[in-house]
Structures are given as C-alpha cells and as structure tokens.
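Read the structure below first, then the notes.
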Amino acid sequence: MDGLGLLYSDDEVSKAIDESKKVLRKYRQLKIAKKLKMPSVKSPTFSDMPRGGSGIGDTALDKYMDVISQMQQIERCVARCELLESIILQHKYLDDTDYSQWQLADKTGYSVRQYHNYLNRAYLQFATAYGIL
C-alpha cells in the first residue's frame with residue numbers, strides 16, 4: 001500500500017488501520033460528551049467572609065477542555081491528510097450525517113472498490129498524522 005510495505009510489515013499496517021478506525025470512531029462519542037459536559041456558567045459570589053480554597057481546580061471545566069482538545073487533535077490530523085483522503089474521512093467520521101459505504105463512494109464519485117482503496121490510504125495518512133505509525 002503506497003510503498004508502506006517497504007517501511008512496515010502488513011501486520012503493522014493492518015494494526016495501524018484498525019487503531020485509526022478506533023480513534024476516528026471516538027470522535028462522535030466526543031462530540032456527544034462535549035454537549036453533555038458543557039460546564040454551567042455562574043457568576044462568582046463575593047463575600048467579606050474568608051473561605052478556604054479546596055485546592056482542586058474546576059474538574060468539570062477540565063473534563064470539558066480535555067474533550068475539546070481530543071476533538072481538535074482528531075480534526076487537525078484529518079486536515080493533514082491529502083485533500084481527497086481528508087474529505088473521505090470528514091464525510092465518514094466528522095459529519096453529523098451517517099452515510100452508508102455506497103453513499104460515501106457515490107459522494108466522492110468513485111466505485112465502492114476504489115473508494116475503499118482511498119479510505120485505506122486515508123486511514124494510513126491519519127495514522128501517520130496522529131502518531132500511530
């Protein structure tokens with residue numbers, strides 16, 4: 001595949017593709033978590049009475065920022081892929097609409113077999129950008 005056989009074994013390439021799929025599938029879960037973990041904003045209360053600080057940061061805000069950070073990392077890695085591969089990954093994983101395989105192939109204007117070849121290339125490019133390979 002794209003000369004990667006010279007650098008990596010077929011087993012390593014297969015594992016990288018599987019790992020890419022796992023990370024990309026997580027994107028929609030993160031999108032849902034982002035909506036659920038949205039921290040509520042409330043005005044601070046001021047008082048002349050001293051209160052001891054808990055020493056713990058706002059964990060809800062930290063979790064929310066972590067979710068956003070993970071989503072942005074996935075989006076950046078998809079954007080680093082070549083144009084066609086980036087578009088394929090965006091339609092398959094980042095868009096809100098859930099398309100079937102043949103619909104995705106039709107959207108790109110390729111046959112299902114050719115689409116599958118481009119999809120595998122996209123997984124490998126994503127794996128490289130994400131640091132899997």
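The values are calculated or read from the model by the stated rules, or taken from the named source; none is laboratory data. Treat the numbers as computed from the prediction; the structure is a model and nothing was measured. Note that we place each Cβ from the backbone using ideal geometry, even for glycine, and neighbour counts take in every protein chain shown. The protein model used for the area step is the full one, side chains on, heavy atoms only, and it has no ligands, DNA or RNA in it. Shrake-Rupley method; radii C 1.70, N 1.55, O 1.52, S 1.80 Å.
Contour minus end-to-end for Tyr8 and Thr128, with contour as 0.36 nm per residue of separation and end-to-end as the Cα-Cα distance?
On the way: separation 120, 0.36 × 120 = 43.20 nm, distance 1.21 nm.
Length difference between fully extended and current span is 42.0 nm.
At a Cα cut-off below 21 Å, give the lysines reachable from Lys31, other chains included and same-chain residues fewer than 8 away excluded.
Lys31 reaches Lys21, Lys22, Lys63, Lys92.
How much length is gained on full extension from Ser111 to Ile32, taking 0.36 nm per residue of separation minus their Cα-Cα distance?
25.2 nm
Going by average Cβ neighbours within 10 Å, how do the peptides 109-115, 124-130 rank, with the highest at the top?
Working: 109-115: 12.7, 124-130: 21.1.
Those peptides, ordered most packed to least, come out 124-130, 109-115.
At 0.36 nm per residue, minus the direct Cα-Cα distance, what do Gln90 and Asp18 gain on full extension? Give it in nm, one decimal, please. Provide the component values of the computation, followed by the final result.
Details: separation 72, 0.36 × 72 = 25.92 nm, distance 1.74 nm.
Full extension of this stretch gives 24.2 nm more.
With a 1.4 Å probe and all protein chains left in place, how much of the accessible area of the stretch 80-121 comes from carbon and sulfur atoms, in whole percent?
Details: 1190 of 2620 Å².
The C+S portion of the solvent-accessible surface of the stretch 80-121 is 45 percent.
Before anything else, pin down the relative contact order of the stretch 79-133: Cα pairs under 8 Å, at least 6 apart, normalised by residue count, whole percent. Let's see the in-between values first.
Details: 39 pairs, mean separation 23.3, N = 55.
It comes to 42 percent, rounded to a whole number.
Give me the distance in nm between label points sitting 7 Å out from Cα along the Cα-to-Cβ direction at Arg25 and Lys63, one decimal.
2.3
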